[in-house]
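Peer 1: Before I ask anything, here is the structure I am working with.
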Amino acid sequence: MSRNKVDSPEIETQQPAVIQGGFDTVYVAESPEIEIVPGATSGVKGKGGLDPYVEELLFNEELVEVMLHESADDNAENPVFTACNGVSQYFHRGIPQIVKRKFVAILASVKEHNVTTPEYSANDGSRAMSIRRTSSLKYPFSVLNDRNPRGAAWLRSLIQAQT
């Protein structure tokens with residue numbers, strides 16, 4: 001293995017470039033080098049001529065530029081830790097970062113849920129309660145750049161998923 005590579009239980013990628021300035025260090029990942037081995041798929045082909053599972057793995061390895069929003073809470077986590085298959089990724093609030101899509105999926109899936117039971121009066125004067133459920137992202141973020149045309153629909157479906 002060459003010196004500019006890192007071992008990963010997933011897909012081998014180049015060593016991230018390190019940009020240092022002031023008190024912050026930002027890691028910018030490079031594009032993955034992916035080699036498709038003929039005959040390594042199950043035989044079912046997707047639109048790209050690959051196994052749908054392989055297509056999904058490649059999609060999740062794509063790079064996306066995101067920014068985790070600042071928080072008004074003095075005790076809010078910063079940086080926010082995520083991990084996928086033993087590979088960790090930190091998100092620093094207010095700093096644009098280029099990360100693999102799989103880590104954005106983790107951010108989009110972490111939600112806070114709230115249930116309230118407001119009391120109201122019915123037309124006949126009786127009192128009743130209703131149940132109101134709400135959910136929101138625990139770590140709000142913005143996608144600044146996603147080159148894949150499927151990216152917007154993918155993110156929308158993740159955020160709208162009620163868990």
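We did not get these values from a lab; they are worked out from the coordinates using the rules stated. For clarity, every value in this text was computed on a predicted model and none was experimentally measured. Glycine gets a Cβ as well: all are built from the backbone with ideal geometry, and neighbour counts include every protein chain shown.
Peer 1: So, by mean Cβ neighbours within 10 angstrom, what's the order for 89-97, 136-144 with the highest one leading?
Peer 2: 89-97, 136-144
Peer 1: Want the number for Ser121 to Asn75: 0.36 nm per residue separation, take away the alpha-carbon distance, what's left?
Peer 2: Full extension from Ser121 to Asn75 adds 12.6 nm.
Peer 1: Put a dot 7 Å past each Cα toward the Cβ at Ser142 and Glu112; how far apart are the dots in nm?
Peer 2: 2.1 nm
Peer 1: Express in nm, to one decimal, how much length is gained between Ser88 and Glu55 on full extension, taking 0.36 nm for each residue of separation and deducting their alpha carbon distance.
Peer 2: Taking Ser88 through Glu55 to full extension adds about 9.6 nm, to one decimal.
Peer 1: Can you give the net charge of the other residues whose Cβ lies under 13 Å from the Cβ of His113, counting K and R as +1 and D and E as -1?
Peer 2: Here the count lands on +3.
Peer 1: Length gain on complete extension for the stretch Ile95 to Ile131, per 0.36 nm per residue less the alpha carbon to alpha carbon distance?
Peer 2: Fully extending the segment from Ile95 to Ile131 adds 9.1 nm.
Peer 1: Among 61-70, 125-134, what's the highest-first ranking by average C-beta atoms within 10 angstrom per residue?
Peer 2: By packing density, highest mean first, the sequence is 61-70, 125-134.
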